[in-house]
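Read the structure below first, then the notes.
Readers should treat all values here as calculations from the given coordinates under stated rules, not as data from a laboratory. Computed from a predicted model, the values in this text were never measured in an experiment. Reconstructed Cβ throughout: ideal geometry from the backbone, glycine too, with neighbour counts over all protein chains shown.
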2 protein chains.
Amino acid sequence: MTLDHGDPGDAPSVPAPLTAVENPVRPSAAEEARTVAAATNTATLASLTGEGDPWASFVTYGLLEGQPVLCVSRMAEHGRNLLADPRASVAIVAPDAPADPLAGARVTLAGVVQRPVGAEADAARAAHIAAVPAAVHYIDYSDFTLWVLRVQRVRWVGGYGRMDSASAQDYAAAAADPIVSHASHAVTHLNKDHADALLDMARAFGGFPDATTAGCERADRYGLDLRVTTPRGVAVTRVGYASPIDSPAELRAATVELTHRARAANGH
Amino acid sequence: MTLDHGDPGDAPSVPAPLTAVENPVRPSAAEEARTVAAATNTATLASLTGEGDPWASFVTYGLLEGQPVLCVSRMAEHGRNLLADPRASVAIVAPDAPADPLAGARVTLAGVVQRPVGAEADAARAAHIAAVPAAVHYIDYSDFTLWVLRVQRVRWVGGYGRMDSASAQDYAAAAADPIVSHASHAVTHLNKDHADALLDMARAFGGFPDATTAGCERADRYGLDLRVTTPRGVAVTRVGYASPIDSPAELRAATVELTHRARAANGH
């Protein structure tokens with residue numbers, strides 16, 4: 001199915017790149033989804049009431065190999081819902097949402113809940129408590145049930161115009177990005193003290209040789225999301241490091257290398 | 001149905017009041033639910049997929065007489081879900097969640113979505129844009145649908161052990177509390193500079209003459225939620241103003257009156 005906006009409305013137009021984006025590699029939808037899931041411990045659960053109606057409710061969770069581990073009471077409606085019908089999904093919103101909420105990242109994980117047994121039950125209990133320390137006070141009450149959401153469908157939305165589905169297999173195999181949730185200080189530093197370097201990157205590698213300003217919106221293991229201003233309007237683009245990085249400590253060297261290479265390409 | 005925890009676990013025990021709480025009046029579940037709904041502009045929607053599975057997804061909303069007004073695209077799964085089946089619920093979490101997420105307030109509003117027509121369509125559009133200013137850029141795209149959630153069921157949770165349902169009628173008739181979301185500075189000030197007054201209130205009116213410290217957790221139009229420390233443990237209690245207040249500007253006079261009355265009752 002192809003769907004498109006039917007009316008231009010009054011949204012601002014976005015200029016296209018003038019040159020090819022040199023290294024646009026970025027995290028996959030599966031990696032993005034794992035990153036959102038790993039960034040917090042609260043979600044909203046959708047379960048089914050006895051009438052088959054959808055019921056949205058706030059929950060806490062831990063993660064076991066990317067699968068949400070819930071701990072809910074049958075004294076609560078959602079707990080009774082899951083006992084009667086295991087179909088469930090959770091929506092998780094990345095913390096530190098931007099002022100425009102729809103510009104932020106979120107994910108829906110859908111499937112069926114299952115009570116873990118044996119060693120998995122121990123691992124699930126530990127995963128929940130690691131993420132939700134207060135759970136030690138109620139996790140062993142007999143009205144609480146530990147559930148593992150067996151993820152069958154994954155839908156990630158990264159903000160306006162950035163969204164994709166991931167297969168359950170890709171989601172299970174992916175890792176959370178090791179940089180995104182730990183780079184906010186570094187991103188602030190790049191914007192405050194190295195705006196000239198970001199502009200060189202945007203001009204040399206980001207496809208916007210006519211950029212007049214550039215700011216960094218996010219750093220991940222593969223590169224930087226940039227927002228550029230041009231005489232033609234404002235756009236977002238991407239610059240990739242020479243090679244992916246595995247820890248926040250590698251971010252400085254990767255951006256310094258990008259800067260040197262961009263300045264050489266720009267002839268200064 | 002009566003349900004109770006089946007196992008004491010290791011949660012700390014909570015001391016009971018030693019004397020009657022003098023004026024325990026507090027917002028109704030309907031008022032609490034309206035307060036949570038009015039405090040933010042983001043929620044999670046639970047809708048039904050074509051297979052009848054529950055689908056949780058992040059949404060923005062405005063409020064029209066307490067009814068969430070959604071604006072979603074049929075390019076998104078939740079948009080197609082609502083077009084096919086109007087049953088829906090939203091979970092809304094009060095902003096500025098405490099460190100223990102389950103101690104915070106949240107609400108589930110459930111019912112069916114309906115496309116507003118005529119004057120209500122104009123009012124719904126205005127209500128959505130008032131809450132979500134960025135929506136002016138897409139609300140008139142033809143793939144977007146404006147929906148009003150006709151609230152049939154209301155479930156409010158105020159934190160551990162504080163929860164109740166409200167009827168649709170009571171929810172519709174209630175008003176959001178005018179104090180809760182605007183009193184954080186005043187609450188900080190009470191705790192920082194008037195801990196002795198809070199302690200007098202807790203001893204005189206809160207049922208804890210053995211309190212050794214008292215802190216204010218929240219102010220609403222009817223009174224203060226207090227957390228008290230006693231030799232028997234930590235408890236929460238309530239002190240009510242002489243009469244309800246209608247604006248944050250009245251909070252100071254109401255708490256000064258409470259303080260004078262408490263000190264007289266305590267004999268100093």
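Side notes on the structure shown:
- Seen against the Cα atoms of chain B and their longest principal axis, helix B:184-193 is set at about 20 degrees.
- Legend: calculated FRET efficiency, A:A103 to A:Q169, from the Cβ-Cβ distance at R0 = 22 Å, rounded to 0.05, equals 0.15.
- Classified by the C-alpha gyration tensor, segment B:71-129 has a prolate form. Its axis ratio a/c, with a ≥ b ≥ c, is 1.5 or above, and a/b is larger than b/c.
- Model label points for B:E65 and A:A242, set 7 angstrom from Cα along the Cα-to-Cβ axis, are 6.6 nm apart.
- Extreme residue, positive dipole direction of chain B, given options B:A39, B:V59, B:N81 (C-beta unit charges): B:A39
- Ranked from shortest, the separations from the 7 Å Cα-to-Cβ label point of B:A249 to its equivalents in the other copies are 5.8 nm.
- Unit charges at the beta carbon, dipole of the protein assembly as shown: most positive-side option, A:H128, A:H189, B:S28: A:H189
- Taken residue by residue and averaged, Cβ atoms of other chains lying within 10 Å of the Cβ of A:80-92 number 3.
- Spatial offset of segment B:202-268 relative to segment A:74-117 amounts to 38 Å, using the alpha carbon center of each.
- Estimated from the Cβ-Cβ distance and a Förster radius of 41 angstrom, the FRET efficiency linking B:D210 and B:H185 is about 0.85.
- Two-site FRET efficiency, B:S142 against A:Q114, from Cβ-Cβ distance with R₀ of 45 Å, rounded to 0.05: 0.60
- Taking label points 7 Å from Cα along the Cα-to-Cβ direction, A:H260 and B:V25 give a separation of 7.3 nm.
- Computed from phi, the 3J(HN,Hα) profile of segment B:83-90 under the Karplus parametrisation 6.51, -1.76, 1.60 (θ = phi - 60°) reads 5, 8, 8, x, 5, 7, 9, 10 Hz, with x in place of Gly and Pro.
- For segment B:231-242, Karplus couplings with θ = phi - 60° (6.51, -1.76, 1.60), whole Hz, Gly/Pro x: x, 8, x, 9, 9, 10, 8, 9, 10, x, 5, 4
- Summed residue charge, Cβ within 11 Å of B:G267's Cβ, Lys/Arg positive, Asp/Glu negative: +1
- Degrees, to the nearest 10: A:251-265 long Cα axis against longest axis of chain A: 30 degrees
- Taking a quarter of the surface of the Cα convex hull of the protein assembly as shown gives a mean projected area of 28.1 nm².
- Normalised by the number of residues in chain B, the mean separation of alpha-carbon contacts (under 8 Å, six or more apart) gives a relative contact order of 21 percent.
- Long-range HN-HN contacts of B:E217 with modeled amide H, under 5 Å: B:D225, B:L226, B:R227
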